[in-house]
Protein chains: 2
Amino acid sequence: MVKNKKPMGELTLVESIRRMARRASAGRHGLELGIGDDCAIFEPSAGEELLFTTDMLIEGRHFLPNTHSPRDLGWKALARGLSDIAAMGGIPRFCLVSLAVADWADRAFVDGFYRGLLSLASETGTRLAGGDLARAGRLFCDIVVCGAAPRGTALRRGTARAGDVLYVSGALGGSALGLERGRGPAWHRHLRPTPRLALGQLLRTRLHATAAMDLSDGLSLDLHRLAQASGLRAEIETPPIYPGASLEQALHGGEDYELLFTDAAGRRVPAKMAGVRLTEIGRVTGGRKKLLRDANGSRGELMERGWEHFRR
Amino acid sequence: MVKNKKPMGELTLVESIRRMARRASAGRHGLELGIGDDCAIFEPSAGEELLFTTDMLIEGRHFLPNTHSPRDLGWKALARGLSDIAAMGGIPRFCLVSLAVADWADRAFVDGFYRGLLSLASETGTRLAGGDLARAGRLFCDIVVCGAAPRGTALRRGTARAGDVLYVSGALGGSALGLERGRGPAWHRHLRPTPRLALGQLLRTRLHATAAMDLSDGLSLDLHRLAQASGLRAEIETPPIYPGASLEQALHGGEDYELLFTDAAGRRVPAKMAGVRLTEIGRVTGGRKKLLRDANGSRGELMERGWEHFRR
């Protein structure tokens, strides 16, 4: 279509994104100056600490252009960052988006990307404060999300104590199942993950979880990270499995964006919070190995096998 | 060399970068938790506003691997972001670095990149607070730099007033000349630009500049942006030219990373500040066109022709 082929001048493109961002966001939340100057200006609130996370989304590594629509990509780019904010119990404040537009992508693609991103931004109260635009052979996106929490309260992954109970939200393996099937609700879950923001905030304010992180690279690898950061080992039973997914997918599949957290033994954790099921899956203890107990109670060592970029 | 071919596990690579970052940075500057958790945690100081800028550095677009050493690339990635902080008179606080490592790059490359980046970070008091790592076909870097200024004092580009005098720091066209020659001091200037941080802070605190921005895409385009953001036009004389560079390079060449600023007519601006020459180059006035006066006083319209990614 000729309409899609109109030239993308950087100034007009930035102006168009700025207009979309303005429509998508209500209220200021400390954002003094957004897109268009050398820097975005943010005025922090007194007594808050700020949380920052960055996430890349790379064509051919994290997605293929023929499986994700531009709106899905924009949504997912932001969802991944928001999931990190959720993991620390943060309240989203703003995001910065750097987008290298692939040579194959036209103006309609760029519009769709920002529309998808801004629909999730609008739902979650995240302002698009700025970013960078360039051309590249392949699509490349890097997103920074800033969240906030009262000073000293953000949940961390390295603060679990020996004897704490391990929990996960939701069911695992859905995203891996979706990627395998390419259709149905699991596929939708893969394309448009829901960051557990409300749950994360409740873990911080109500449950006072002792440690938390999000499951982006698979339970086995992320559990290893939480245990290692806390100087402990973990012992888990079979986790809740997404309907139709395999145990393999639940243990090692990435991109579920559920929360993994610990709480003191003896603390009552409800079966559901913020509409999401919470399941006890094991404990963190002293020692060195992660163990997986099967249904018969026999034990085996759980090797971390999730998604790691630099393992060849 | 075999040494360079050791496998890059993400966990060990992140640990190695964390150690380098720890050595490079003294003092905390509000950074509570850096590399290794879901988010970095930053505690802002009371009464400060925070400045955020993002900059991409893409193989084949912004550099070629055979012209820039890994250390040059790391330096430049941070220098570009710091130049935006300088433009607003900010004090650097921390940076977040997302790096997609090209398939051709080995562990020595990644180490060199972070060493170059951290040497400038250390010089300028910028903490490396976190980031993201991935593999990609081509090298891709996105950097976010956070700076701070007392609330309400950051310099902006859209606040020039009709009648204000235009100034630039240093001499222009050096980076374009360096790119053409591929050697000598101009080439070094292209590879390792110096962000004008001390000057930017003095423009804010001493000169109370009415508007400022950095020259990243060439004077003609950046002047257009400043004038447009302020709802004004600009009238300039020949700017100071880097020795050996052409007028073309000084007007339209990118990556000089000098500062362009305005100040009220009648305010005394010293010939040098923070060791950098300051030159009056014209005025901003009401009206619609940017003009360039040549040495004979005749006027012509200056078209913006600097570096714009989306002009094809």
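Any chance you could count how many residues in the stretch A:129-158 are of a type outside the set (A, V, I, L, M) and either within 16 Å of A:Ala77 (Cβ to Cβ) or under 18 Å from the mean Cα position of the chain (by Cα) (or both)?
So the count comes out to 11.
Just to be sure before I move on: is A:Gly173 at positive phi and crowded, with 24+ Cβ neighbours inside 10 Å in the structure I sent? I'd like the intermediate steps shown before the answer.
Details: at positive phi: yes; crowded, with 24+ Cβ neighbours inside 10 Å: yes.
So A:Gly173 fits the description; yes.
Being among the charged types (D, E, K, R) and crowded, with 20+ Cβ neighbours inside 10 Å is the filter; apply it to the stretch B:178-199 and report the residue that is modelled with the highest pLDDT. Quick ask: steps written out before the conclusion?
Our first condition is that a residue be among the charged types (D, E, K, R); within the stretch B:178-199, this holds for B:180-181, B:183, B:189, B:192, B:196.
Still in the running and crowded, with 20+ Cβ neighbours inside 10 Å: B:189, B:196.
On the way: B:Arg189: 94, B:Arg196: 98.
Of everything passing the filter in the stretch B:178-199, B:Arg196 is modelled with the highest pLDDT.
Take the stretch B:79-100 and flag every residue that is over 21 Å from B:Arg151 (Cβ atoms) and either β-branched (Val, Ile, Thr) or assigned to a strand (DSSP E or B) (or both).
B:Cys95, B:Leu96, B:Val97, B:Ser98, B:Leu99, B:Ala100
Could you check how many residues of the stretch A:50-59 are surrounded by fewer than 23 Cβ atoms within 10 Å (Cβ to Cβ) and facing chain B (nearest Cβ under 7 Å)?
1
Take the stretch A:106-136 and flag every residue that is among the aliphatic types (A, V, I, L, M) and without any contact (Cβ under 8 Å) to a residue 40 or more places away in the chain.
The answer is A:Ala134, A:Ala136.
Identify all residues within the stretch A:89-124 that are within 14 Å of chain B (Cβ to nearest Cβ), surrounded by fewer than 24 Cβ atoms within 10 Å (Cβ to Cβ) and under 14 Å from the mean Cα position of the chain (by Cα); write none if there are none.
A:Ile91
Look at the stretch A:41-74 and say how many of its residues are acidic (Asp, Glu) and over 18 Å from A:Glu255 (Cα atoms). Step through it out loud before you land on a result.
Let us first name the residues in the stretch A:41-74 that are acidic (Asp, Glu), namely A:43, A:48-49, A:55, A:59, A:72.
Pick out the ones that are also over 18 Å from A:Glu255 (Cα atoms) and you get A:43, A:48-49.
Final tally of qualifying residues: 3.
Can you give me the number of residues within the stretch B:125-141 that are crowded, with 19+ Cβ neighbours inside 10 Å and in a loop (DSSP other than H, G, I, E, B)?
Count: 3.
Provide a single number: the residues in the stretch B:200-225 that are crowded, with 24+ Cβ neighbours inside 10 Å, among the aliphatic types (A, V, I, L, M) and part of a helix (DSSP H, G or I).
Matching residues across the stretch B:200-225 total 3.
Can you tell me which condition A:Ala86 does not meet? The list is (1) within 7 Å of another protein chain (Cβ to nearest Cβ); (2) at pLDDT 95 or above, and all the others hold.
All conditions are met except number (1).
Yes or no: the stretch A:142-158 includes at least one residue that is within 14 Å of chain B (Cβ to nearest Cβ), surrounded by fewer than 19 Cβ atoms within 10 Å (Cβ to Cβ), over 18 Å from A:Glu258 (Cα atoms) and touching a strand residue (DSSP E or B) at 6+ places or on another chain (Cβ under 6 Å).
Yes, the stretch A:142-158 contains a residue that is within 14 Å of chain B (Cβ to nearest Cβ), surrounded by fewer than 19 Cβ atoms within 10 Å (Cβ to Cβ), over 18 Å from A:Glu258 (Cα atoms) and touching a strand residue (DSSP E or B) at 6+ places or on another chain (Cβ under 6 Å).
Being in the same structural domain as A:Val110 (by TED's automatic domain parsing) and farther than 22 Å from A:Thr53 by Cα narrows it down to one of A:Arg135, A:Arg206, A:Arg183, so name that one. Even if it seems obvious, please write down each step before you answer.
On the way: A:Arg206 fails: in the same structural domain as A:Val110 (by TED's automatic domain parsing); A:Arg183 fails: in the same structural domain as A:Val110 (by TED's automatic domain parsing).
Just one listed residue meets the conditions, A:Arg135.
Can you go through A:Gly125, A:Gly89, A:Gly81, A:Gly131 and tell me which one is in contact with a Gly (Cβ under 6 Å, 6 or more places away or on another chain) and not hydroxyl-bearing (Ser, Thr, Tyr)?
Values: A:Gly125 fails: in contact with a Gly (Cβ under 6 Å, 6 or more places away or on another chain); A:Gly81 fails: in contact with a Gly (Cβ under 6 Å, 6 or more places away or on another chain); A:Gly131 fails: in contact with a Gly (Cβ under 6 Å, 6 or more places away or on another chain).
None of the others qualify; the one that does is A:Gly89.
The values are calculated or read from the model by the stated rules, or taken from the named source; none is laboratory data. Keep in mind that this is a model prediction, so the values were computed, not measured. For neighbour counting, all protein chains shown are included, and Cβ atoms are generated from backbone atoms with ideal geometry for every residue, glycine included.
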